[in-house]
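Step one of this worksheet: look at the structure below.
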Amino acid sequence: MPETETVVDTAAGPLNAILRTPEGPARGGLVLADGSGPATRDAWQGVPGWLAERGIATLRHDKPGCGGSPGDWRGQSFADRAAEALAALAVLRKQAGVERAGLIGYSQGGWVVLLAAVTAPEQVDYVVTLGGPFVGIEEQERTLLGRVMRRRGLGEDSVAAGLAWADERAARLAAGEDPAGVLAEQGRLAGRDWAAVVCDRPYATAEELGFFARNLSFDPPGLLPFLACPIMAFFGADDEHVPVERSLAVLGERLPARHRGSNGVAVLPGVGHMLYPVPPRADAPPFEQLSPGFLPLLGAFIDRVA
């Protein structure tokens, strides 16, 4: 199945991309949106090939500043990332010749594809999220920090102190404080037993704190009622990063009923945030360790909507 190097023109500049098409005519398409941090167009491993075997064309692209592409993802907002996904969708439709096409995003990419679908409902025919929280960034990160501190054996007093700084840091950034100043204050906490968790990446530089600050107001529950296309949401039952139960409750309360019968939610047992076992095995590529339920359910959803 052919792969073609292409570019996606964005506000950050032309991002390097790869178009993967089936051997025959494509019956649908998906743009692949990465999660947090740096990522290149090669991050999705065997998923594009699996989709191509089932007649689905895909396009994946670098994040700004990665893989030889211009820009800096740390200077973005989720709105910037959503605009990139929509630009990539236009390239996919034109170059693969598909009529129906959607977006698939993992982790932070789940927020991105939700925002893109609500921003331009006439352009997005379906959405898939993998470990994408349906709460805001502050609640999601607070959940993760608490779980990691407890997993590392910190006592509840230490967990409370670490979360108190996380809350103060978020409040100060939301109020418009300079991230560099907040970072300097954070540096004075380095000796605390919780600092290695709460003050580490993605909170360890002014650029990372700036990214966090720009996206604090992002509100997934507020977006869901305006989603005009079908959605399939995947979660790992052992996901440490995402408040799965809260996300399921938000979906149940806020997802519109217009696509009842096409929407889907799956909580896959025995896997974590990226739908791999926790920890993943060292004797096999991650793609081969994906939950055995994931790809069949993804294929069934695409059969319904593409």
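The values are calculated or read from the model by the stated rules, or taken from the named source; none is laboratory data. Quantities reported herein were computed from a predicted structural model and do not represent experimental measurements. Using ideal geometry, Cβ is built from the backbone for each residue, glycine included, and neighbour counts are taken over all protein chains shown. Areas reflect the complete protein model, heavy atoms only, side chains present, ligands, DNA and RNA absent. Shrake-Rupley method; radii C 1.70, N 1.55, O 1.52, S 1.80 Å.
If the only charges are +1 at each Lys and Arg Cβ and -1 at each Asp and Glu Cβ, what is the size of the charge dipole of the stretch 7-78 around the Cα centre, to the nearest 20 debye?
120
Once the Cα atoms of helix 108-119 and of the chain are each reduced to a long axis, what angle between those two axes, in degrees from 0 to 90 to the nearest 10, is obtained?
Tilt relative to the chain: about 60 degrees.
Given the rule -39500 (n - 2.57) for each run of at least 4 DSSP H residues, summed and divided by the residues of the chain, what is its mean residue ellipticity at 222 nm, to the nearest 500 deg cm²/dmol?
When only DSSP H runs of four or more count, the value is -12000 deg cm²/dmol.
Going by average Cβ neighbours within 10 Å, how do the peptides 35-46, 187-198, 277-288, 136-147 rank, with the highest at the top?
Answer by packing, highest mean first, reads 136-147, 35-46, 187-198, 277-288.
Helix 156-174 versus the longest principal axis of the chain: what angle, 0 to 90°, nearest 10, using Cα atoms?
For 156-174 against the chain, the angle is about 70 degrees.
Tell me, what is the per residue accessible area of the stretch 1-133 in Å², probe radius 1.4 Å?
With the other protein chains kept in place, the stretch 1-133 gives 34 Å² per residue.
Under a plain spin-label model, where a point goes 7 Å from the Cα along Cα-to-Cβ, how far apart in nm are ALA282 and ALA228?
Computed distance between label sites ALA282 and ALA228 equals 5.1 nm.
If Rh is defined by the Kirkwood formula over all Cα pairs and Rg also comes from Cα, what ratio Rg/Rh do you get for the chain?
Rg/Rh: 0.97.
Step by step: find N for the stretch 201-306, compute 2.2 N^0.38 Å, then divide the Cα radius of gyration by it. What's the final number? Provide the component values of the computation, followed by the final result.
On the way: Rg = 16.5 Å, N = 106, 2.2 N^0.38 = 12.9 Å.
My calculation over the Cα atoms of the stretch 201-306 gives 1.27.
Work out the charge dipole of the chain with +1 on the Cβ of Lys and Arg and -1 on the Cβ of Asp and Glu about the Cα centre, then indicate which of PRO202, LEU114, GLY176 is farthest towards its positive end.
Of the listed residues, the answer is LEU114.
Which residue, chosen from LEU59, GLY132, PRO230, occupies the Cα position most advanced towards the positive end of the dipole of the chain, where the dipole is computed from +1 (Lys, Arg) and -1 (Asp, Glu) charges on Cβ about the Cα centre?
Of LEU59, GLY132, PRO230, it is PRO230.
What number comes out for the charge environment of ASP9, summing +1 per Lys or Arg and -1 per Asp or Glu over other residues with Cβ under 14 Å away?
After counting each charged neighbour, the total is -2.
Taking the Cα centre of the stretch 1-44 as origin, work out the dipole magnitude from +1 charges on Lys and Arg Cβ and -1 charges on Asp and Glu Cβ, in debye rounded to 20. Spell out each step's value before the answer.
Working: 3 positive and 6 negative charges, 27 e Å.
Its charge dipole is roughly 120 debye.
Given the Cα atoms of the stretch 232-290, and with Rh set as the inverse mean 1/r over their pairs in the Kirkwood sense, what is Rg to Rh to two decimals?
1.08
Need the full-extension length gain, ALA180 to ARG54, defined as separation in residues times 0.36 nm minus the C-alpha distance. One decimal, nm. Present the calculation step by step, with values, prior to reporting the outcome.
Values: separation 126, 0.36 × 126 = 45.36 nm, distance 4.85 nm.
Taking 0.36 nm per residue and subtracting the Cα distance, the gain is 40.5 nm.
If I fit a long axis through the Cα atoms of helix 78-96 and take the longest principal axis of the Cα atoms of the chain, what angle between them do I get, 0 to 90°, rounded to 10?
The helix 78-96 is inclined about 20 degrees to the chain.
Using each residue's phi in the stretch 215-231, evaluate 6.51 cos²θ - 1.76 cosθ + 1.60 at θ = phi - 60° and report the 3J(HN,Hα) Karplus result to the nearest Hz, with x for Gly and Pro.
Here the 3J(HN,Hα) series is 10, 4, 7, 5, 10, x, x, x, 7, 3, x, 9, 6, 9, 10, x, 9 Hz.
Run the accessible area of the stretch 171-279 with a 1.4 Å probe and give the carbon-and-sulfur part as a rounded percent.
Details: 2810 of 5160 Å².
Solvent-exposed carbon and sulfur of the stretch 171-279 make up 55 percent of the total.
Rounded to the nearest 5, what % of the DSSP beta bridges within the chain are antiparallel ones?
35
How much net charge surrounds PHE235 when only other residues with a Cβ under 13 Å from its Cβ are counted (Lys, Arg +1; Asp, Glu -1)?
Summing Lys and Arg as +1 and Asp and Glu as -1 gives -3.
Is there a quick way to get the dipole size of the chain? I mean about its Cα centre, with the Cβ of Lys and Arg at +1 and of Asp and Glu at -1; what is the value in debye to the nearest 20?
Value, rounded to 20: 520 debye.
For the stretch 155-306, report the accessible area per residue in Å² (1.4 Å probe, heavy atoms, rounded to an integer). Walk me through the intermediate numbers first.
Details: 7250 Å² over 152 residues.
Accessible surface, normalised per residue, equals 48 Å².
Summing Lys, Arg as +1 and Asp, Glu as -1, what charge do residues with Cβ under 12 Å from the Cβ of THR40 carry, THR40 excluded? Don't jump to the answer; show the numbers that get you there.
Values: positive: ARG41, ARG60, LYS63; negative: ASP34, ASP42, ASP62.
That works out to 0.
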